[in-house]
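Chemist: This is the structure I want to talk about, given as structure tokens.
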Amino acid sequence: MCKNKIISLFLCLVLTLGFGLDSNVNASVKSSLEKQIDLNNEKINDVKNDIQEIEQEIDIVDDELSKLKNEIDQRSSVIGEYVKNIEEHQKNIDDKNALIEGVLKEVEHTQQKIEELNRTLQENELELQKLEDLLAERIKGFYKYSQDNSMGLDILFAMVFDLNKDLQEVADTMYSVSKITESDKKLIEEVKQKRDEITRDKETLEKEIQNLDLYKKDLEKQIQEVESLKQELVTKKEELDGELQKVKDLEAEYQEKYNALDETARQKREELIQIQQDNEQLQRQLSEYMNSINNSGLVGGNNEVSPSGYLKPSTGSITSNYGWRIHPVRGTKSLHTGVDFGGAYGDTIVASRAGEVVHAGWYNNVYGNVVIINHGGGYQTFYAHMSKVAVSKGQTVNQGQRIGFIGSTGMSTGAHLHFEVRKDGQSLNPLNFLTR
Ligand SMILES: [Zn+2]
């Protein structure tokens with residue numbers, strides 16, 4: 001930090017050329033360091049507030065994010081059900097299509113059988129034709145033969161009553177012809193029966209094809225129904241997908257917001273650490289500076305460390321001494337357990353000796369805001385009526401380090417510092433510690 005460097009440089013100069021510089025210079029170095037520390041403390045407060053605000057915002061966004069994540073989970077699971085349902089419908093359709101394929105194969109198979117029957121029927125028809133032709137030929141031959149031999153009733157008569165060799169021959173022929181005709185007729189009858197059988201079989205198969213066709217049409221109708229149900233589900237699912245996408249977009253938006261806030265918070269925390277480190281450095285500089293002044297004995301007057309090792313906690317003059325007095329507020333005689341330093345509201349109060357802060361903040365209605373510093377060996381210093389404390393409990397302070405500001409809190413008639421030195425809890429006259 002530029003300002004710190006300037007102060008450091010200045011500090012260096014003061015330390016090197018220390019002799020001959022008056023206390024005004026020292027006071028100005030001290031006050032500019034203190035001013036910088038003040039500014040930093042303000043910044044620290046601001047940054048802490050910022051971080052708190054950002055963290056609150058992060059909490060809100062985080063809440064929203066987990067709500068959205070829940071909603072996404074719920075919606076996804078509903079969509080999952082739809083997908084399952086659609087898949088089941090599709091499986092139903094696939095099964096039915098497989099059935100149709102089976103039916104088509106069966107129809108094909110049956111048609112092949114019908115074709116075979118048709119071929120057999122054709123062969124049968126041809127055979128029948130042949131047989132009938134043959135029979136017709138035979139009968140024709142027989143009649144021709146009978147006409148050629150002038151066969152009439154008289155011949156038949158002659159065949160019965162006058163059997164000559166010729167007639168016997170005719171009769172034989174007639175007999176054999178009739179025999180053949182009979183067996184032909186029988187054969188024809190068999191073929192005709194066979195034909196009828198085949199025709200019946202064919203009809204049965206054709207009927208089967210018709211049934212298969214009906215079955216196939218029924219399956220197709222069922223598929224159409226399932227397909228339309230499935231389509232409804234698909235449409236509804238697409239609608240739900242769209243809604244889910246909107247929620248997901250919103251989630252992404254919130255996630256982005258979250259990340260940005262998180263990053264800002266991280267930067268702020270870094271900034272805070274930086275300022276805090278900066279302040280520690282300034283505080284060290286101030287302490288070193290105060291120590292060097294005290295050790296070199298440069299400073300006279302108000303800032304001089306007494307031989308017993310104590311520093312005046314305020315630059316103001318003493319307005320009330322330690323001892324018995326009429327209390328300014330109560331009006332009764334009582335022991336004044338410290339000395340009062342006059343001063344303006346907000347004037348700096350410094351640690352009279354190095355030590356550990358054992359109390360910082362409101363003490364009671366008598367002393368108001370108080371800082372108590374433990375110096376070891378049973379010694380404590382006590383600073384009362386502060387308008388504001390500048391240290392916190394547990395903190396180690398150096399001699400001359402600012403610990404608070406003059407005020408009038410508690411039972412007080414105006415801005416002043418009430419300062420005590422205590423040993424083992426008993427107040428002692430501070431002037432015995434502050435002066436030679
Ligand atoms: Zn007092």
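Each reported figure results from applying straightforward, stated rules to the coordinates on display, with no laboratory input. The structure displayed is predicted, hence computed values, not measured ones. Positions of Cβ are backbone-derived with ideal geometry, glycine not excepted, and every protein chain shown enters the neighbour counts.
Chemist: Beyond 25 Å between alpha-carbons counts as too far, so tell me which of Lys105/Lys230; Lys140/Lys185; Lys84/Lys217 fall in that bin. Spell out each step's value before the answer.
Modeler: Values: Lys105/Lys230 27 Å; Lys140/Lys185 15 Å; Lys84/Lys217 28 Å.
Too far apart for the 25 Å limit: Lys105/Lys230; Lys84/Lys217.
Chemist: Next up: On a straight-distance basis, which lysines could pair with Lys388 in a cross-link, Cα separation under 27 angstrom, same-chain partners fewer than 8 positions away excluded?
Modeler: Cα-Cα hits under 27 Å: Lys3, Lys30, Lys35, Lys43, Lys48, Lys268, Lys312, Lys423.
Chemist: In straight Cα distance, which aspartates and glutamates are under 20 Å from Lys237, not counting same-chain residues fewer than 8 positions off?
Modeler: In chain and number order, the partners are Glu71, Asp73, Glu81, Glu87, Glu88, Glu225, Glu227, Asp249.
Chemist: Relative to a virtual label point 7 Å from the Cα of His327 in the Cα→beta-carbon direction, which members of the range 383-422 show backbone nitrogen distances below 14 Å?
Modeler: 410-413
Chemist: Once the Cβ-Cβ distance between Ser334 and Glu243 is put in as r, and R0 is 60 Å, what FRET efficiency do you end up with, to the nearest 0.05?
Modeler: Efficiency, rounded to the nearest 0.05: 0.15.
Chemist: Report the net charge of residues surrounding Asp241, where surrounding means a beta-carbon distance below 11 angstrom and charges are Lys +1, Arg +1, Asp -1, Glu -1.
Modeler: Working: positive: Arg75, Lys236, Lys237, Lys246, Lys248; negative: Glu238, Glu239, Glu243.
Counting the neighbours of Asp241, the net charge comes to +2.
Chemist: Compute the semi-axes of the equivalent ellipsoid of the range 302-434, taking the square root of 5 times each eigenvalue of the Cα gyration tensor, and list them largest first in whole Å. Please report the intermediate quantities before stating the final value.
Modeler: Working: eigenvalues 82, 54, 41 Å².
Working from the Cα gyration tensor, I get semi-axes of 20, 16, 14 Å.
Chemist: Could you sort the peptides 276-286, 48-58, 381-391 by per-residue average Cβ neighbour count (10 Å cutoff), highest mean leading? Don't skip to the end; give the middle numbers.
Modeler: Values: 276-286: 16.2, 48-58: 14.6, 381-391: 22.5.
Those peptides, ordered most packed to least, come out 381-391, 276-286, 48-58.
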